[in-house]
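Working notes for the structure below.
The values are calculated or read from the model by the stated rules, or taken from the named source; none is laboratory data. Not measured: the values here are computed from a predicted model. A quick note on method: Cβ atoms are made from the backbone with ideal geometry, for glycine too, and the neighbour counts reach across all protein chains shown. The protein model used for the area step is the full one, side chains on, heavy atoms only, and it has no ligands, DNA or RNA in it. Shrake-Rupley method; radii C 1.70, N 1.55, O 1.52, S 1.80 Å.
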Amino acid sequence: MDTAISLAVRLAGLEFKNPVLTASGTFGYGLEFVEILDLSRLGGLVTKGLSVEPMDGNPPPRIVETHGGMLNSIGLQNIGARAFVRDKLPVLRGYDTHVITNIFGFSIDDYLEVVRILNDGDGISAYELNISCPNVKKGGMEIGHDPAEAARLTEKVKRIARCPVLVKLSPNTSSITEVAQSVEAAGADGLSVINTLLGMSVDIYRRRSRMGTAMGGLSGPAIKPIALRMVRAVAQTVRIPVLGIGGIASWQDAVEFLIAGATAIQIGTANYYEPRVSIHVIDGLAAYLRDMEMSSVQELIGSFQD
Amino acid sequence: MIETVCSVVENHRLQPGYFRLRLRVRPPVEPAPGQFAMVRSHGEYEPLLRRALVFYRSYPGEGFTDVDFVFRTMGRGTSRLSRLRAGDWVDFLGPLGRGFEWRAAGSGNEALLVSGGVGIPAFFLWAEQLCARNVEVRLFHGDRTSDREQGLICVNDFAALLGSDHVACTTEDGSAGSKGLVTDLIEHHLIAADGRPRRIFACGPHAMMRRVAELGSKFGIETQVCLEAPMACGFGICVACVVRLKRADSDLSDYHRVCLDGPVFDAERVIWD
Ligand SMILES: Cc1cc2nc3c(=O)[nH]c(=O)nc-3n(C[C@H](O)[C@H](O)[C@H](O)COP(=O)(O)OP(=O)(O)OC[C@H]3O[C@@H](n4cnc5c(N)ncnc54)[C@H](O)[C@@H]3O)c2cc1C
Ligand SMILES: Cc1cc2nc3c(=O)[nH]c(=O)nc-3n(C[C@H](O)[C@H](O)[C@H](O)COP(=O)(O)O)c2cc1C
Ligand code: FES
């Protein structure tokens with residue numbers, strides 16, 4: 001690879017070797033991929049959402065394939081923050097990549113408790129607050145839709161967090177830019193945009209949901225145009241960096257998000273059906289910059305022409 | 001587990017709606033009985049997700065393994081697979097999951113394989129392995145109906161391996177084998193062969209496996225079931241494919257991933273709903 005081309009980006013005070021990360025819930029705890037790809041090539045990885053206690057999740061069926069995407073109602077099943085710190089983190093430290101832990105809770109205190117547990121772990125680069133998971137009835141939903149509550153959460157987490165704090169925004173609100181502004185004012189170091197879009201699928205013979213819950217989160221290529229629009233809107237509104245997420249499955253998709261204003265991107269659903277997609281995106285991005293005679297990915301970021 | 005692109009050696013239409021797909025996988029793989037792969041026509045993203053298929057047979061070669069899958073066309077994914085032709089490329093992730101186990105504990109040298117419909121492919125590699133260990137293997141296979149000319153899929157392969165007196169079939173419409181349900185057939189066998197220690201392995205529709213699990217527990221026979229669940233990834237990351245299992249040491253239960261902890265589970269631990 002041409003050494004003159006730089007893929008490096010700075011984000012939330014951290015140096016990333018490239019702007020390609022993997023999204024929460026679509027990359028396990030990272031270690032599931034070591035047989036398939038070299039984790040050290042990634043700019044970073046975001047873990048499955050962690051809660052104080054391990055969580056069981058929603059009743060199956062938990063996914064429905066849709067055109068160009070899928071609906072999920074996983075319900076945030078995870079091993080809990082303590083098990084993550086004890087069992088996964090020590091192994092992840094062996095890889096040269098940023099480990100970002102995704103965090104959720106059912107109250108602000110829950111989030112703070114997770115942060116306290118993770119603060120004791122060594123090797124976490126940043127926290128990402130999931131304030132938007134549409135799956136759990138009493139969960140995140142309200143916080144992600146309420147700019148004041150989102151700001152309160154961000155501020156409290158910032159006060160105790162030992163590393164930078166990203167806030168992951170919900171697309172299921174008419175006021176995503178308002179939430180973005182208020183969490184920026186509360187001290188967020190970056191914004192991840194977007195989480196899944198709420199959707200449904202009906203079994204026409206049983207006249208009920210084809211999942212164990214009535215609604216699920218839509219992800220995959222089908223949501224990319226919406227995600228791009230929201231990334232651009234948020235990037236135009238705030239000064240902190242935006243991580244673009246939603247339907248990214250190729251380097252071309254990644255380039256679109258960078259042009260629209262994302263400083264980095266996260267790949268989600270595509271990891272399921274193309275486990276090495278993140279590596280293809282990194283290589284494709286470098287080749288594209290070379291073809292376009294750009295020396296740095298920085299030239300691309302936010303270069304959208306009105 | 002490897003992720004690779006492999007070529008189609010042949011895709012043979014066994015009978016209307018059923019295909020046997022042979023892929024040449026490099027580097028070689030050694031699928032264990034009951035393990036599966038996630039496959040899709042190379043580079044095509046409509047439908048988006050790969051499809052899970054259990055290894056039917058495998059043939060080692062020089063630097064590669066030829067593997068067979070037998071599948072039934074159901075929807076978009078398997079229809080696309082049915083149109084693959086020799087020389088086409090297929091994205092392959094596998095072997096995946098934990099297959100059947102022969103546990104030292106529990107004596108007896110007879111295994112009953114119980115399959116329903118397109119569950120039957122899960123058993124060929126296992127039957128081969130058991131035969132190699134001198135286990136007496138019987139297959140009980142049931143389906144709703146059968147093809148007038150071709151009969152039931154895969155059954156001839158099993159008859160050749162096990163001997164036709166060790167293969168018993170039923171169909172709900174009586175078009176092949178005896179008329180009725182495979183679970184009735186096995187219940188009769190268990191009553192007739194009362195007291196002989198043996199093991200049961202089952203793969204097929206949910207209701208069938210649930211009934212086999214009941215029979216296994218009623219007759220006190222170790223039973224393993226090979227489950228299906230909708231899968232997005234097939235290798236443990238999405239947590240979509242869960243089944244509820246009782247804990248060994250308490251009344252509590254947890255969700256386990258069919259793709260990683262299974263697809264084969266101890267029937268007595270499965271909570272059927
Ligand atoms: C471990 C495992 C091994 C399998 N082995 C075989 C095999 O050897 N031969 C065979 O014919 N079939 C097998 N199946 C079932 C096969 O994967 C489904 O028939 C297939 O996914 C249906 O896809 P489709 O696009 O044709 O149907 P669609 O109905 O269009 O599929 C829609 C979605 O539902 C999922 N889905 C639908 N039916 C099933 C099912 N029964 N199990 C899991 N997911 C399903 C699909 O993967 C897809 O994501 C296996 C399933 C599992 C989980
Ligand atoms: C099965 C599944 C589980 C997810 N789990 C989480 C989670 O735990 N926390 C979170 O913030 N986002 C979660 N997400 C959302 C993704 O990180 C991502 O924001 C979303 O899927 C959109 O990106 P994509 O279209 O590339 O998948 C999950 C998505 C899927 C499909
Ligand atoms: S299919 Fe993704 S965890 Fe089993």
Test item: Cα-centred dipole of region A:50-112, Lys/Arg +1 and Asp/Glu -1 on Cβ, debye: 180
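Can you tell me the FRET efficiency between B:Lys218 and B:Glu101 if r is taken as the Cβ-Cβ distance and R0 is 30 Å, rounded to the nearest 0.05?
Numbers: r = 22 Å, r/R0 = 0.73.
Computed FRET efficiency for B:Lys218 and B:Glu101 comes out at 0.85.
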Which value in deg cm²/dmol, rounded to the nearest 500, describes the helix-derived mean residue ellipticity at 222 nm for chain A, given -39,500 (n - 2.57) per DSSP H run of n ≥ 4 and division by the residue count? -8500 deg cm²/dmol
Report the label-to-label distance for A:Arg229 and B:Arg133 in nanometres (one decimal), using points 7 Å from each Cα along the Cα→Cβ vector. 5.9
Calculated Rg and Dmax of region A:149-272 using C-alpha coordinates, Å: 15.9, 52
From largest to smallest, what semi-axes in whole angstrom does region B:119-273 give when each is the square root of 5 times an eigenvalue of its alpha carbon gyration tensor? 27, 19, 16
Residues in region A:145-167 that a label on A:Ala8 would reach, taking backbone N under 12 Å of a point 7 Å out along Cα→Cβ: none
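Please report the projected area of region B:137-217's Cα convex hull averaged over all directions, in nm².
Mean orientational projected area (region B:137-217, Cα hull): 5.4 nm².
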Within 10 Å of each Cβ in B:87-95, how many Cβ atoms from other chains are there, averaged over the peptide? 1
With every protein chain in place, the protein assembly as shown: carbon and sulfur % of accessible area (1.4 Å): 49
Report, in deg cm²/dmol and to the nearest 500, the calculated mean residue ellipticity at 222 nm for chain B, where each DSSP H run with n ≥ 4 adds -39500 (n - 2.57) and the sum is divided by the residue count. -5000 deg cm²/dmol
Centre separation in Å (Cα based) which lies between region A:42-97 and region A:246-270: 20
Using the charge dipole of the protein assembly as shown (Lys, Arg: +1 at Cβ; Asp, Glu: -1 at Cβ; taken about the Cα centre), state which of A:Ser182, B:Ala267, A:Pro221 has its Cα farthest towards the positive end. B:Ala267
Please state the charge dipole magnitude for region A:9-299, taken about the Cα centre, from unit charges on C-beta atoms (+1 on K and R, -1 on D and E), reported in debye and rounded to the nearest 20. 540
Once the dipole of region A:60-189 is set up with Lys and Arg at +1 and Asp and Glu at -1 on Cβ about the Cα centre, which of A:Gly69, A:Ser132, A:Leu112 lies farthest towards its positive end? A:Leu112
Neighbour cut-off at most 13 other Cβ (10 Å), DSSP loop, trypsin sites (Lys or Arg not before Pro), region B:1-98: B:Arg83, B:Arg85
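For region A:9-299, just say rounded, prolate or oblate: build the C-alpha gyration tensor, square-root its eigenvalues into a ≥ b ≥ c, call rounded for a/c under 1.5, and beyond that prolate if a/b exceeds b/c, oblate if not. Walk me through the numbers before you get to the answer.
Numbers: a/c = 1.25, a/b = 1.11, b/c = 1.13.
Verdict is rounded for region A:9-299.
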Quick check on region A:9-299: of the DSSP beta bridges with both residues there, what percent are antiparallel, nearest 5%? 40
How about region A:163-245: which trypsin sites (Lys or Arg not before Pro) there lie in a loop by DSSP and see at most 15 other Cβ atoms within 10 Å? A:Arg206, A:Arg207, A:Arg239
At a temperature of 4 °C and a viscosity of 1.567 mPa s, determine how fast region A:91-192 diffuses translationally according to Stokes-Einstein, using the Kirkwood radius over alpha-carbon pairs as Rh; express D in µm²/s, rounded to the nearest whole number. 95
Mean other chain Cβ within 10 Å across B:240-247 is 4
Signed unit charges on C-beta, dipole axis of chain A, positive-most listed residue A:Gly212, A:Ala287, A:Phe27: A:Gly212
Once both labels are modelled 7 Å past Cα along the beta-carbon direction, what's the B:Glu268-A:Met292 spacing in nm? 6.2
Accessible area of B:Arg26 in the full protein assembly, 1.4 Å probe (Å², nearest 10): 120
Spatial extent of chain B: Rg and Dmax, with the Cα atoms as the point set, Å: 18.2, 54
Which value, in debye to the nearest 20, describes the size of the charge dipole of region A:10-92 about its Cα centre when Lys and Arg Cβ atoms bear +1, Asp and Glu Cβ atoms bear -1, and nothing else is charged? 240
Rounded to the nearest whole number, the Stokes-Einstein translational diffusion coefficient of region A:1-98 at 20 °C and 1.002 mPa s (Kirkwood radius, C-alpha pairs) in µm²/s is 139
Label-point separation in nm, A:Glu53 to B:Asp184, each point 7 Å along Cα→Cβ: 4.8
As computed over region B:52-198, the Cα convex hull volume per residue (Å³): 150
In the A-B interface, the accessible area buried, summed over both sides, Å² (probe 1.4 Å): 2500
Exceeding the 25 Å Cα-Cα cut-off - candidates A:Lys88/A:Lys224; A:Lys17/A:Lys168; A:Lys17/A:Lys88; A:Lys168/A:Lys224; B:Lys179/B:Lys246; A:Lys17/A:Lys156: A:Lys88/A:Lys224; B:Lys179/B:Lys246; A:Lys17/A:Lys156
Calculate, axis by axis, the spread of Cα positions in the protein assembly as shown along the three principal axes, and write the results as whole Å, longest axis first. 77, 53, 46
